[in-house]
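Below: one structure, written as structure tokens.
The values are calculated or read from the model by the stated rules, or taken from the named source; none is laboratory data. A quick note: this is a predicted structure, and the numbers were derived from the prediction, not measured. Neighbour counts are summed over all protein chains in view; Cβ atoms, including those assigned to glycine, are modelled from backbone coordinates with ideal geometry. Just so you know, the surface numbers come from the protein's heavy atoms only, side chains and all, with ligands and any DNA or RNA stripped out. Shrake-Rupley method; radii C 1.70, N 1.55, O 1.52, S 1.80 Å.
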Amino acid sequence: MLTYNYYGHACFMLDDGANKILVDPFLTGNPAAAISEKDVQATYILITHAHGDHVGDALNIAVRTGATCVGIPEIVDFGGQRVKAVGMNLGGTLKTEFGFVRMVPALHSSGIAGGIACGYVIGVGGKVVYFAGDTALFGDMKLIGERDKIDYAILPIGGHYTMDPIDAAKAVELLNAANVIPLHYDTWPVIKQNPEDLRRLVNTAKVHVVKPGQSIELK
Ligand code: ZN
């Protein structure tokens, strides 16, 4: 069984029963955080870019849990701190004990000199999960959906810094995803959105609206 555990903003954890893949662990200072960085579990930590609302508590959690951080080398270097880290880059695929992690492009600023924003295609628990990270809509999402059959697309819908529900609905179409989970909205007034707008706009995929603190099984 594979579960999606949503912790608020862009932070979630995929759990296949043996591996806990924590993504963009911004919890301290996150008004929507459903868990403390001191309590969250992880065996892997994936980081999409170095903005504070994504890299967040990654270093502290990696030190406490011994989790392996995955990200762009400039980001997972953490100023020379000693944590387990795998630096990789766009287009690369990391084989892991749970499956694979592929780093794919995102259209967004990076938050660090030499860094670049990315998304991830994650093969885990017999499913393929695409997390777009922070991004605008871009046409090459079609290529991401052509390489892997996307079971779940996890997409930002807050607008202002990323896609809004209209562009996210187009992304679902390009990706040919079977299911979609929105995030990165309502954390602050500037990214306030109604996720039901996405449900209304998406006809080809199932939309799962998950609130911070909730978990769903990815079937
Ligand atoms: Zn960002």
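Out of Glu37, Glu146, Glu173, any idea which swings most in a Gaussian network model of the chain, alpha carbons joined below 10 Å?
Highest fluctuation among the options: Glu146.
Helix-only mean residue ellipticity at 222 nm, the chain, DSSP H runs n ≥ 4 weighted -39,500 (n - 2.57), per residue, nearest 500. What is it?
-4500 deg cm²/dmol
Read phi for every residue in region 177-186 and hand back ³J(HN,Hα) as whole Hz from Karplus 6.51 cos²θ - 1.76 cosθ + 1.60, θ = phi - 60°, with x for Gly and Pro.
7, 7, 9, 9, 10, x, 8, 6, 8, 6
Non-local amide H neighbours of Cys69 (under 5 Å, H modeled in plane, Pro and chain starts lacking H): which ones?
Amide H neighbours of Cys69, under 5 Å, 5+ apart: Ile45, Lys84, Ala85, Val86.
First select every other residue whose beta carbon is under 12 angstrom from the beta carbon of Thr48; then total the charges, Lys and Arg +1, Asp and Glu -1.
Counting the neighbours of Thr48, the net charge comes to -3.
By how many nm would the segment from Glu196 to Ser215 lengthen if fully extended, with 0.36 nm per residue of separation less the alpha-carbon distance?
Here the segment from Glu196 to Ser215 would lengthen by 5.0 nm.
With a 1.4 Å probe and all protein chains in place, put Arg200, Arg102 in order of accessible area, largest first.
Largest to smallest exposure gives the sequence Arg200, Arg102.
Could you work out what % of the accessible surface of region 21-141 is carbon and sulfur, using a 1.4 angstrom probe and leaving DNA, RNA and ligands out of the count?
Heavy-atom surface of region 21-141 belonging to carbon and sulfur, 1.4 Å probe: 52 percent.
Return one quarter of the surface area of the convex hull spanned by the alpha-carbon atoms of region 19-70, equal to its mean projected area, in nm².
About 3.2 nm², averaged over all directions.
Using only the alpha-carbon atoms of region 3-209, report the extent along each of the three principal axes, biggest first, to the nearest angstrom.
46, 36, 35
Could you tell me which of the pairs Lys149/Lys211; Lys20/Lys95; Lys170/Lys206; Lys38/Lys84 are separated by over 20 angstrom between their Cα atoms in the structure shown?
Lys149/Lys211
If the only charges are +1 at each Lys and Arg Cβ and -1 at each Asp and Glu Cβ, what is the size of the charge dipole of region 88-219 around the Cα centre, to the nearest 20 debye?
It works out to roughly 240 debye.
Just to confirm, what accessible area per residue do you get for region 24-135 at 1.4 Å probe, in whole Å²?
Using a 1.4 Å probe on heavy atoms only, each residue of region 24-135 averages 39 Å².
In whole angstrom, how far apart do the alpha carbon centroids of region 89-122 and region 6-80 sit?
After rounding, the separation between the Cα centres reads 14 Å.
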